[in-house]
Amino acid sequence: MDKGVLGDLKVNRVGFGAKRLLRAGFTAADREGAVRLLRRAVELGVDHIDTAAFYPSVANKAEGPTGFTSLDVANELIREALAPYDDGLVVATKVGPTEHGMARPDQLRGLVEADLRALGRDRLDLVYLRQSGLESVAEHFGVLAELREAGLIRHLGLSSIRPEHLVQAQEIAPVVAVSNRYALDFGRVNDDLVDSCGAAGIAFVPFFALTGEGREAGGVAAHDRVSEVARAHGATPAQVRLAWALSRGPHVLVIPGTSSEAHLLENLAAADLELTPEELARVG
Ligand SMILES: NC(=O)c1ccc[n+]([C@@H]2O[C@H](COP(=O)([O-])OP(=O)(O)OC[C@H]3O[C@@H](n4cnc5c(N)ncnc54)[C@H](OP(=O)(O)O)[C@@H]3O)[C@@H](O)[C@H]2O)c1
């Protein structure tokens, strides 16, 4: 499978989501396991990791009411496992949510600087403005555009947006990626946005591609037709879900989240699963 594109960066189309690295109540041994998993992921060719200061947010639930407390656990694990970073590794972060709600524009610089420190980097490869509840993203995105101009950020993205947010942001600075919820049975309100990103050369990075309606609870959503197609290929439902998402266009980059090496291997192998047009129509 050809590589995908994030601005001037090329990445494999199956990446890794860091939200599920640890579960609530994790121990020191679990942290060591997470470091091993991250190293294994990179050994296996993962070159696109999606993270945030508030990941793993399931673990954060114990710490704050919103799940958006910036504990920097995932970022610190990534640094411990992978710094000094390979040139080809893209680490995408996101700013916006805080334990007190959506950050104000004047708080964004501090959040970006905290990510730089936690990850041990001079410049962040890709920073998404992860909006919630904004009519316009212009003011927030403008701050991130200034940080990009100042050299703290290489590329900008948008997350959890409506189509009008993309238009607002593009008037300010280039957007290389959009990350919204999207699965064959979830978030299909984003169908047109997926297509318009493809037409504009913008990567679309679906989250919850496996868990769908399960959202924070995780696990792979049950779906009879997905299971039937999986059986016909000797594949798993997770692989069929990822293959379906990838089939939406060469600009789609998946970032399944896992704490398990077996699941990581399975998810990476989904890049080679080819479904027929009939199968894709049947599950999607
Ligand atoms: N921008 C945003 O607002 C936003 C929001 C949510 C998530 N994200 C990003 O998107 C990534 C993906 O979303 P997500 O992690 O929430 O959900 P997901 O990838 O749809 O599903 C993750 C769940 O599926 C399980 N799983 C993974 N691979 C599996 C496999 N092969 N077989 C069986 N179970 C499997 C995981 O548990 P195991 O640990 O048991 O594998 C976990 O419970 C996140 O990690 C995060 O980086 C972004």
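The values are calculated or read from the model by the stated rules, or taken from the named source; none is laboratory data. Not measured: the values here are computed from a predicted model. In this analysis, Cβ positions are derived from the backbone assuming ideal geometry, glycine residues included, and neighbour counts consider all displayed protein chains.
Here is a list: Ala92, Ala118. Which entry is part of a strand (DSSP E or B) and either touching a Ser or Thr at 6+ places or on another chain (Cβ under 7 Å) or under 21 Å from Leu147 (Cβ atoms) (or both)?
When all the criteria are applied, what remains is Ala92.
Select from the stretch 242-284 the residues that are within 21 Å of the chain's Cα centre (by Cα) and of a type in the set (D, E, K, R) and write down the one among them that is nearest to the ligand (Cβ to nearest atom).
The extreme case among them is Glu266.
Quick one: in the stretch 198-230, which of the residues that are surrounded by fewer than 21 Cβ atoms within 10 Å (Cβ to Cβ) and in contact (Cβ under 8 Å) with a residue 60 or more places away in the chain is farthest from the ligand (Cβ to nearest atom)?
Taking the candidates together, the pick is Gly201.
Every residue, every condition in (1) modelled with pLDDT under 95; (2) among the aliphatic types (A, V, I, L, M), yes or no:
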residue: Val90; (1), (2): no, yes
residue: Glu99; (1), (2): yes, no
residue: Gly110; (1), (2): no, no
residue: Asp115; (1), (2): no, no
residue: Leu119; (1), (2): no, yes
residue: Arg123; (1), (2): no, no
residue: Leu126; (1), (2): no, yes
residue: Leu129; (1), (2): no, yes
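Being part of a helix (DSSP H, G or I) and under 19 Å from Val252 (Cα atoms): is that true of Asp191 here?
Values: part of a helix (DSSP H, G or I): yes; under 19 Å from Val252 (Cα atoms): yes.
In short, yes.
Restricting attention to the stretch 141-181, which residues are within 16 Å of the ligand (Cβ to nearest atom), assigned to a helix (DSSP H, G or I) and surrounded by fewer than 20 Cβ atoms within 10 Å (Cβ to Cβ)?
Of everything in the stretch 141-181, just one residue is within 16 Å of the ligand (Cβ to nearest atom), assigned to a helix (DSSP H, G or I) and surrounded by fewer than 20 Cβ atoms within 10 Å (Cβ to Cβ), namely Leu166.
I need a count of the residues in the stretch 228-255 that are in contact with a strand residue (DSSP E or B) (Cβ under 6 Å, 6 or more places away or on another chain), under 14 Å from Ala209 (Cα atoms) and in a loop (DSSP other than H, G, I, E, B).
The total comes to 2.
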